[in-house]
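S.K.: The following block contains the structure, expressed as C-alpha cells.
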Protein chains: 2
Amino acid sequence: MATSFYPPQRILMGPGPSDISPRVLAALARPTIGHLDPLFIQLMDEIKALLQYAFQTSNELTLPVSAPGSAGMEACFVNLVSPGDTVVVCSNGVFGGRMKENVERCGATAVMVEDAWGEPVSVDKAAAALAAHPEASVLAFVHAETSTGVASDAAALCALAREHGALSIVDTVTSLGGIEVKVDDWGADAVYSGSQKCLSCVPGISPVTFSPRAVDHIQQRKHKVQSWFLDMQLVMGYWGGAAKRAYHHTAPVNNLYALHESLVMLEEEGLENAFARHLRNHRALVAGLEAMGLSMAVEAPHRLPQLNAVTIPEGVDDAAVRSALLEEFSLEIGAGLGALAGKTWRIGLMGYASNARNVGTCITALEAVLGRQGAPIKLGAGLPAARALLAD
Amino acid sequence: MATSFYPPQRILMGPGPSDISPRVLAALARPTIGHLDPLFIQLMDEIKALLQYAFQTSNELTLPVSAPGSAGMEACFVNLVSPGDTVVVCSNGVFGGRMKENVERCGATAVMVEDAWGEPVSVDKAAAALAAHPEASVLAFVHAETSTGVASDAAALCALAREHGALSIVDTVTSLGGIEVKVDDWGADAVYSGSQKCLSCVPGISPVTFSPRAVDHIQQRKHKVQSWFLDMQLVMGYWGGAAKRAYHHTAPVNNLYALHESLVMLEEEGLENAFARHLRNHRALVAGLEAMGLSMAVEAPHRLPQLNAVTIPEGVDDAAVRSALLEEFSLEIGAGLGALAGKTWRIGLMGYASNARNVGTCITALEAVLGRQGAPIKLGAGLPAARALLAD
C-alpha cells in the first residue's frame, strides 16, 4: 500500500524549477473553484494584465498555456507555421534543436543557423540565412539558452525578422522575470516562457504572448492548427476579452492561483528591482567561484545572471559532486545537457532563489565537496569575495 | 497594483473540478523538488503503479500527461493515428465531436457514428460502421460522456475493435475512480482520463495508459508524431522503466504530489468501496430530486452515478438558478453543454464530493431556489427521500 509523500526541503539552484516562495505555495493550496466561476474569470483577467506587465507588452493575446514550457513552444510553432513554410531556426543549444523538431513536425522546412553551444546566436549568420531564403516566413531563436546559460540579442534578431517581413518566435523560458524581456520594444511576434524559472512558480504553466501581427496571421491561416489543445483561435474563446467565456479545456485552477501570486510578487518588487537583484547575486556568485579558482564557461558579455554555467575542473567527478551537494546540503545544481554533459554545471539563481543566502550556501558547499575530492581550488577564498559584492 | 487572491470555499458539484480533500491540497503545497531528483523519480514510479491500480491494468506505458484531459485525448490520437488513416468515432455528446477534430487534425478521416445526446453509443451502429470501413484502424468512443451524464458499454466496444483488428481509444475522463474502468479486461488500447473528476485532484493532469499492442503500433509508426510535447516515444524516455531517465520536459512536480495523494486515498478506500459510495450517493440524490418532482434526463440503465443530468423544469430560469446556488450557497452545479444548454443541469457527485452532506445540501439548496422561482416542486419531500437511501 502506497503512503503519502513528504519531499525534503531542497535549495533549488539548477536550471529550474527554482525555489518557490511560501506565499506562492500557500496560494497554490487555496480551495479550488470552478474554471467558469465568475471569480475565476476575474482572476484570469488579472493574470493577463500581470503577464502583460512581465512581458512588457500591450498584446491582447497574452495568457498562460495550461502546460509546461515545451507546450508553450509548440503553441507558438503550430499556430504560426503551416505545412510547406520555411522557418529560419537559430540553434546554440538544446532548445534550438527542439525548435527544429517543432518546425518539421508542422510539415515545414527548418533552415538552421548553427552557433557553438556556449556562444550567442550570430545576428550576421541569421541575416545571411534570411537573405538566402526570401521565402522564410518565421525566424525563431532562444533569448536565454537554458542548456548553456547564454543570452542572445533578442532586439537585433526581432528587428531582422521584421525587416525581412517574417514573424519572430522567441523562447524566453529562462529570461522572463530575470532579465529584460521587452516584447513590444523588440517587436517580437510570438513569445513563450515557463512558470518555474525566474517567476518562481510551480512548474507546469507556460505564459505566451502574440503580437497583433501574429494574431492576424493566425486568423488568416488556411490550414487548421494541427493541435486542438493549443489552437489559439479556440483558446482565445476562453481567455479572450469576450463577455461570455466559452469552455475550451479545464484550466489548471490551482496552478493559476500560484502563477497569479508569483506575478503579484514580481509587480510588488518591480521589474527593474528584480533584474538588479538577479544581477547583484550573479556577480557575487561569479566573484566567489572565480576566487575559489573555478572558471565560468560563458564569456562575460553573454552570461545570464540567472543561470551560471561553470566549467567542471579536470579530474572532478561531476555526478559525485552533484550527489554530495544534494545528499549533504539538500542543494540541487544542474548538470550539463547534451554536448556539455560532464563538462559544465549550471547554477541557477532564478527568481525567489536569487538571494544572498543561496549564493553563500552554494559557494561553501561546493568548496567543501570539491576540496574533499582534491580539486585544485583555493579554500576559504570564495565566500569573502562573494560577500564583498553582496554588501553593496 | 494587483493583490493576492483568496478564493471562497465552494461546494463543487459541477462536471469537474470536484471538491478536493484537504489531504490533497496539503500535498500540493509541499516543497517543490527537481524533476530529476532521485526522490522524485521514486515518486514517479509510485504514481505509475497507483495509476495501474486505478485503470485496472498492467500496461507498462501508464503515466500522467503533464496537461489537462484534452491534451490526454490529443496524446492518444496523435500517437495512434497517422495521415491517411480512417478512424471510426462514436459521438453522443461534446467529447465525441472533439475526437473528430483530433482525427482530422491528424490528417485522417473520421467516420462518424452518431447517437443522440443523452443516449449511449450504439454498439450495433459502431459494428456496422466498422464493417462498412474495413480500412478503419482505430475505434474511438467516450466511456462516460461528461456533457450528458451517459455511460456507454466500453467492454463491448473494445471487443468490437479487437475483432475488427482495430485499436480502441477510450475517453474515461469522468469515469476513472467513479465506476469500473477495466482497461485490461476490456482489452482497451489507449485510454485517457482527467485528474479533476472522480480522482478529486487539482485540474491540469491527464492520466493515460497504452496497451502493448498500442505501444507496438507507436514504435512502428512511419510518420513522426505531429506533437513533440505529446510524442510517447519521447515521453517514455522520462517516464519509462529505464534506469536513467532522460529529460523531456519539466514535470509539473507539485501537481504530481497532489495526484499521488489522491491515488493513495483511492487505494486506501479501495476501488470497489469507491464505486459503491458513488452509487449510494447517486441513488440518494436521484431519489431526492424525483421526490421533489424533478426528472432525470438520462434513462436509468445509462446514468453515470458521478454526473447526474437533470431536466430543467419548463419556465425555470437556468442561469438565475445556478447564480443563486453559487451566491447564496457557494454551490456550483454544471450548465448543459452544446445541444443541452438551457435544458439540463449536470450535478456532479465525483470523488471526494460524493458524500452524504453534498447530497443533502444540493437538494435543500435547489428546493429553496426553485421554490422561490415558483417552479412546480414538492417542498419538503426531497431530503427525507434522499436520507432514507443514505442510511443504508
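S.K.: Ranked from the most accessible area to the least, with a 1.4 Å probe and all protein chains present, what is the order of A:Glu135, B:Glu74? Mind showing how you got there, number by number?
M.R.: Details: A:Glu135 100, B:Glu74 5 Å².
Heavy-atom accessible area, descending, gives A:Glu135, B:Glu74.
S.K.: For the cross-link pairs B:Lys100/B:Lys125; A:Lys100/A:Lys224; A:Lys182/A:Lys224; A:Lys100/A:Lys125; A:Lys343/A:Lys378, which exceed 22 Å when the distance is taken from alpha carbon to alpha carbon? Working shown, then result.
M.R.: On the way: B:Lys100/B:Lys125 17 Å; A:Lys100/A:Lys224 20 Å; A:Lys182/A:Lys224 30 Å; A:Lys100/A:Lys125 17 Å; A:Lys343/A:Lys378 20 Å.
Checking Cα-Cα distances, A:Lys182/A:Lys224 exceed 22 Å.
S.K.: For A:Ala335, which sequence-distant residues (separation of 5 or more, or a different chain) have an amide H within less than 5 Å of its own amide H, given hydrogens modelled in the peptide plane?
M.R.: The answer is A:Arg346.
S.K.: Between A:Ser323 and B:Gln233, what is the spin-label point distance in nm, taking each point 7 Å from the Cα along the Cα→C-beta axis?
M.R.: A separation of 3.3 nm, rounded to one decimal place.
S.K.: Follow-up question, since we're still on this one. So for the pair A:Ala356, A:Asp45, with labels modelled 7 Å out along Cα→Cβ, what separation do we get in nm?
M.R.: That separation, rounded to one decimal, is 4.2 nm.
S.K.: Once every DSSP H run of n ≥ 4 in chain B is given -39500 (n - 2.57) and the sum is divided by its residues, what mean residue ellipticity at 222 nm do you get, rounded to the nearest 500 deg cm²/dmol? Intermediate values should be presented prior to the final figure.
M.R.: Numbers: 14 runs with 167 residues, N = 392.
Calculated at 222 nm, the ellipticity per residue is -13000 deg cm²/dmol.
S.K.: Could I ask something else about it? How well do other chains shield peptide B:63-71, expressed as the mean number of their Cβ atoms within 10 Å of each residue Cβ? Don't skip to the end; give the middle numbers.
M.R.: Details: counts 0, 0, 1, 7, 11, 9, 3, 8, 8.
That works out to 5 on average.
S.K.: OK, next. Using a Förster radius of 35 Å, what is the FRET efficiency between B:Glu314 and B:Arg387 based on their Cβ-Cβ separation? Nearest 0.05, please.
M.R.: Numbers: r = 28 Å, r/R0 = 0.81.
So the FRET efficiency works out to roughly 0.80.
S.K.: Out of B:Phe329, B:Ala126, A:Thr57, whose Cα points farthest toward the positive end of the dipole of the protein assembly as shown (charges: +1 Lys, Arg; -1 Asp, Glu; placed on Cβ)?
M.R.: The Cα lying farthest towards the positive end belongs to B:Phe329.
S.K.: Any idea how far apart A:Lys378 and A:Ala276 come out in nm if each label point goes 7 Å out from Cα toward Cβ?
M.R.: Taking the simple label geometry, A:Lys378 and A:Ala276 are separated by 3.0 nm.
S.K.: So what is the relative contact order of the range A:270-390, in percent, for Cα pairs below 8 Å that sit 6 or more residues apart?
M.R.: Relative contact order here is 38 percent.
S.K.: Looking at the protein assembly as shown only, what percent of DSSP beta bridges run antiparallel? Nearest 5 please.
M.R.: 50
S.K.: At A:Lys343, with labels set 7 Å past Cα in the Cβ direction, how many nm apart are the copies from this one, shortest first?
M.R.: 6.5
S.K.: Something else about it: Within chain A, which is the longest segment containing none of the trypsin sites (Lys or Arg not before Pro) that sit in a DSSP loop and have at most 12 other Cβ atoms within 10 Å?
M.R.: A:1-221
S.K.: Here is a follow-up. Grab the beta carbon distance between A:Ser295 and B:Lys343, set R0 = 45 Å, and tell me the FRET efficiency rounded to 0.05. Mind showing how you got there, number by number?
M.R.: Numbers: r = 70 Å, r/R0 = 1.56.
My answer for the efficiency is 0.05.
S.K.: If you rank B:Glu328, B:Glu163, B:Glu261 by how much accessible surface each has, with a 1.4 Å probe, what is the order from largest down?
M.R.: Listed by decreasing accessible area, they come as B:Glu163, B:Glu328, B:Glu261.
S.K.: One decimal, nm, shortest first: give the distances between the label point of A:Arg23 and those of the same position in the other copies, each label point 7 Å from Cα along Cα→Cβ.
M.R.: Ordered by distance, the counterparts are at 3.3 nm.
S.K.: Using only Cα atoms and rounding to the nearest 10 degrees, what angle (0 to 90) does helix B:94-105 make with the longest principal axis of chain B?
M.R.: Compared with the principal axis, the helix lies near 20 degrees.
S.K.: What average number of partner chain Cβ atoms lie no more than 10 Å from the Cβ of the residues making up A:202-214?
M.R.: Details: counts 8, 12, 12, 2, 2, 0, 0, 0, 0, 0, 0, 0, 0.
Going residue by residue through A:202-214 and averaging, the value is 3.
S.K.: I would also like to ask the following. Can you list, shortest first and in nm, the gaps between the label point of B:Asp216 and those of its counterparts in the other copies, using a point 7 Å from Cα in the C-beta direction?
M.R.: With the label placed 7 Å along Cα→Cβ, B:Asp216 yields 5.3 nm.
S.K.: Set the Förster radius R0 to 45 Å, insert the Cβ-Cβ distance between A:Met112 and B:Tyr6 as r into 1/(1 + (r/R0)^6), and round the FRET efficiency to 0.05. Display every interim value, and only then the final one.
M.R.: Working: r = 49 Å, r/R0 = 1.09.
E between A:Met112 and B:Tyr6, to the nearest 0.05, is 0.40.
S.K.: Then there is this: Using the heavy atoms of the protein chains and a 1.4 angstrom probe, tell me the accessible area per residue for chain B in square angstrom.
M.R.: Accessible area per residue, chain B: 33 Å².
S.K.: Run the dipole for the range B:271-390 about the Cα centre, Lys and Arg Cβ at +1, Asp and Glu Cβ at -1, nothing else charged, and hand back the magnitude in debye, nearest 20.
M.R.: My answer is approximately 340 debye.
S.K.: Here is a follow-up. Can you give the average number of partner chain beta-carbon atoms within 10 Å of each beta-carbon in peptide A:7-13, as a whole number?
M.R.: If you average over the peptide's residues, the count of other-chain Cβ atoms is 5.
S.K.: Can you tell me the order of B:310-318, B:112-120 when each peptide is scored by its average per-residue count of other Cβ atoms within 10 angstrom, highest first?
M.R.: Put in order of decreasing packing, that is B:112-120, B:310-318.
S.K.: Also, quick follow-up: Can you list the residues, at least 5 places off or on another chain, whose amide H is less than 5 Å from the amide H of A:Ala140, using H built in the peptide plane?
M.R.: Sorted by chain and number, the residues that satisfy this are A:Val88, A:Val89, A:Cys90, A:Ile169.
S.K.: If the only charges are +1 at each Lys and Arg Cβ and -1 at each Asp and Glu Cβ, what is the size of the charge dipole of the range B:130-284 around the Cα centre, to the nearest 20 debye?
M.R.: Once rounded to the nearest 20, the dipole reads 420 debye.
S.K.: Percent of accessible area on chain B owned by carbon and sulfur, 1.4 Å probe?
M.R.: The computed percentage sits at 53.
The values are calculated or read from the model by the stated rules, or taken from the named source; none is laboratory data. Only a predicted model underlies this, so the values are computations on that prediction, with no experimental measurement involved. Glycine gets a Cβ as well: all are built from the backbone with ideal geometry, and neighbour counts include every protein chain shown. Ligands, DNA and RNA are stripped out before the accessible areas are found, and what is left, the full protein with its side chains, is counted by its heavy atoms. Shrake-Rupley method; radii C 1.70, N 1.55, O 1.52, S 1.80 Å.
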